[in-house]
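Chemist: Before we start, here is the structure in question, set down as structure tokens.
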Amino acid sequence: MNLSRFIALRIYRSSDAGKQVSRPAVLIATVGVAIGLAVMIIAVSVIIGFKSEVRDKIIGFGSHIQISNSDAARSFETRPIAVTDSMIATLADNPDVKHVQRYSTKPGMIKTSDAFQGMVLKGIGPEYGSSFFRRHLVEGEFPQFSDSASTNRVVISKAMADKMKLKLGDKIDTYYIQDEVRARRLTVTGIYQTNFSEYDNLFLLTDLCLVNRLNKWRPDQVSGVELELYDYDKLEEATYRIADEVSRRPDPYGADYCVLNVEQLNPQIFAWLGILDVNIWVILILMTGVAGFTMVSGLLIIIIERTSMIGVLKSLGANNLTIRKLFLWLAVFLIGKGMLWGNAIGLAFYFIQKWFGLFRLDPETYYMDTVPVSFNIWIFLLLNVGTLLASVIMLLGPSYLITRIHPANSMRYE
């Protein structure tokens, strides 16, 4: 085994220095593996980054889990549930729950002098985690909203501000229809932009107190509770555990609690994201095939060019297994060189896109304005190990060609 590796290394080094006629084989094998691995790294980083970006934006608008009234769990014209301090404390004590926050919603309409737009007014309290919206704030400030007084301040999306020709400090008239038409004048204090059009064109953020007054609810009633988890991977398990806890707590006003997670509330979007996993596997299989095919071609060329050497080794007593190991080791060295180039290309793309965002997207279609990328060290290592193993396994078959070469017949290659 050591002798085979030593001879393979000598052949590789001499070929790498341009002393052998096997330069085309080296080039074919190296370029094929480099391109295949680079495409796999780029594709996986982009698709994982895209899924993570879309998922984070959905979670930013509605958190991981929502507890609401079962009569209106999927509507913005909600029915209230009672959320007491003891219930919030119980939910916060759950080991899976990182943060608990209340919210209330009220569908309505914005009207200006020359336009009108349907919207949903979302009321939030002082405990609301605003890091997501502060991160995407483009103008103004994100105020501290209240659950006990109405400040008539509102944060809107840039898409809605552009459509309604609004700017910071503008007064906007909003109308709500229930038993009668009710109006509220609000002041724009902040503008955010997430490029997630399904929500940017819908939500305005204001005081929880204001929305509860519009809904004519009691002080301890809200549309629901949003729960942020520590670990997204435990989403389904945590959902059922929290639902079991909540089911044992009756609502004092007779409402039925409904516990749904972000994937259950947005099944179409997450089904679409799930399809991207199929794309990843298709790309990995195709690129592994490309790398393996080029390595097979390179190995066959090397075997043909080294037929005389194979004959000499056999005449000196080397068996077929030893010679096959020699050429497989040579293939491993070539694969390693290609993988180094593939890693360099893939990582260069990742860092350039991460820092400079050279490749742009249409936010109306893709929910973001630049191609997102994400790096996971374990997936990166798995791609490298998988490429190496798959390429070597694919070479086992062609290496049997060595057993068909006889010392006497190899003389014609002299």
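Chemist: How many nm is it between the label spots at E364 and S131, if each spot is 7 Å from the Cα in line with the beta carbon?
Modeler: Taking the two extended label points, one gets 3.4 nm.
Chemist: So what's the net charge close to N201: Lys and Arg +1, Asp and Glu -1, counting the other residues with Cβ under 14 Å from its Cβ?
Modeler: That works out to 0.
Chemist: Right, something else. I want the antiparallel fraction of DSSP beta bridges within region 100-216, as a percent rounded to 5.
Modeler: Bridges in region 100-216 that DSSP calls antiparallel: roughly 70 percent.
Chemist: Here's another thing I want to ask about it. Of the DSSP beta bridges with both residues in region 151-299, give the percent that are antiparallel, rounding to the nearest 5.
Modeler: On the way: 8 of 13 bridges.
For region 151-299, the DSSP antiparallel bridge percentage is about 60.
Chemist: Name the residues whose placed amide hydrogens come within less than 5 Å of the amide hydrogen of G190, ignoring near sequence neighbours (fewer than 5 apart) on the same chain.
Modeler: Counting only residues 5 or more places away or on other chains, the set is E141, V154, I156.
Chemist: Taking amide H atoms as placed 1.01 Å from N in the peptide plane, list the residues 5 or more away in sequence, or in a different chain, whose amide H sits under 5 Å from that of G129.
Modeler: none
Chemist: Shifting gears a bit: Highest first, please rank the peptides 112-119, 125-132 by the mean number of other Cβ atoms sitting within 10 Å of their residues.
Modeler: So the peptides 112-119, 125-132, ranked by packing, come out 125-132, 112-119.
Chemist: OK, next. Summing +1 for each Lys or Arg and -1 for each Asp or Glu, what net charge is found among the other residues whose Cβ lies under 15 Å from the Cβ of R360?
Modeler: Result for the neighbourhood of R360: -3.
Chemist: Still on this model: Could I have the simple spin-label model distance between D220 and L27, label points 7 Å from Cα toward Cβ, reported in nm to one decimal?
Modeler: With each label point 7 Å from Cα toward Cβ, the separation is 8.0 nm.
Chemist: Residue-wise, which Karplus ³J(HN,Hα) couplings in Hz belong to region 211-218, taking 6.51 cos²θ - 1.76 cosθ + 1.60, θ = phi - 60°, and x for glycine or proline?
Modeler: Each residue of region 211-218 in turn: 5, 5, 5, 5, 7, 6, 9, 6 Hz.
Chemist: Points 7 angstrom from Cα along the Cβ direction at D244 and L286: gap in nanometres?
Modeler: 4.5 nm
Chemist: So if we plug the beta-carbon distance of D233 and A348 into 1/(1 + (r/R0)^6) with R0 = 22 Å, what FRET efficiency do we get, rounded to 0.05? Walk me through the numbers on the way to the answer.
Modeler: Numbers: r = 30 Å, r/R0 = 1.38.
Plugging the Cβ-Cβ distance into 1/(1 + (r/R0)^6) gives 0.10.
Chemist: Give me the extension gain from V278 to E180: residue separation times 0.36 nm, minus the current Cα-Cα distance, reported in nm with one decimal.
Modeler: Using 0.36 nm per residue and subtracting the Cα-Cα distance, I get 30.2 nm.
Chemist: For the pairs K98/K171; K163/K354; K122/K163; K51/K167; K51/K106; K122/K216, flag any whose C-alpha to C-alpha distance is greater than 25 Å.
Modeler: K98/K171; K163/K354; K51/K167; K51/K106
Chemist: Read phi for every residue in region 335-349 and hand back ³J(HN,Hα) as whole Hz from Karplus 6.51 cos²θ - 1.76 cosθ + 1.60, θ = phi - 60°, with x for Gly and Pro.
Modeler: 4, x, 5, x, 5, 4, 5, x, 5, 4, 5, x, 5, 4, 4
Chemist: As a check on your grasp of the helix formula, calculate [θ] at 222 nm for the chain: sum -39500 (n - 2.57) over DSSP H runs of n ≥ 4, divide by the residue count, round to the nearest 500.
Modeler: My calculation for the chain gives -17000 deg cm²/dmol from helical runs alone.
Chemist: Report the charge-dipole magnitude of the chain in Debye, nearest 20, computed about the Cα centre from +1 at each Lys and Arg Cβ and -1 at each Asp and Glu Cβ.
Modeler: 2040 debye
Chemist: Along the charge dipole of the chain, pointing to its positive end and built from +1/-1 on Cβ of Lys, Arg, Asp and Glu, which listed residue (V222, N94, I335) has its Cα farthest out?
Modeler: I335
Chemist: Let me ask another. Rounded to a whole number, what % of the accessible area of the chain do carbon and sulfur atoms account for, probe 1.4 Å?
Modeler: Taking all protein chains in place, the chain shows 59 percent carbon and sulfur surface.
Chemist: Continuing with this model, one more query. Starting at the first residue of region 177-193, write each ³J(HN,Hα) from the Karplus equation 6.51 cos²θ - 1.76 cosθ + 1.60 with θ = phi - 60°, in whole Hz, x for Gly and Pro.
Modeler: 10, 9, 6, 9, 6, 10, 10, 9, 9, 10, 10, 6, 10, x, 10, 10, 9
Chemist: Could you list which residues have their amide H under 5 Å from that of T370, counting only those 5 or more apart in sequence or on another chain, with H placed in the peptide plane?
Modeler: Those qualifying (amide H under 5 Å, at least 5 residues apart or on another chain) are L361.
The values are calculated or read from the model by the stated rules, or taken from the named source; none is laboratory data. None of these values were measured; they are calculated from a predicted model. When we count neighbours, we look across all protein chains shown, and the Cβ atoms used for this are built from the backbone with ideal geometry, even at glycine. Keep in mind that these areas ignore ligands, DNA and RNA; they rest on the heavy atoms of the full protein, side chains included. Shrake-Rupley method; radii C 1.70, N 1.55, O 1.52, S 1.80 Å.
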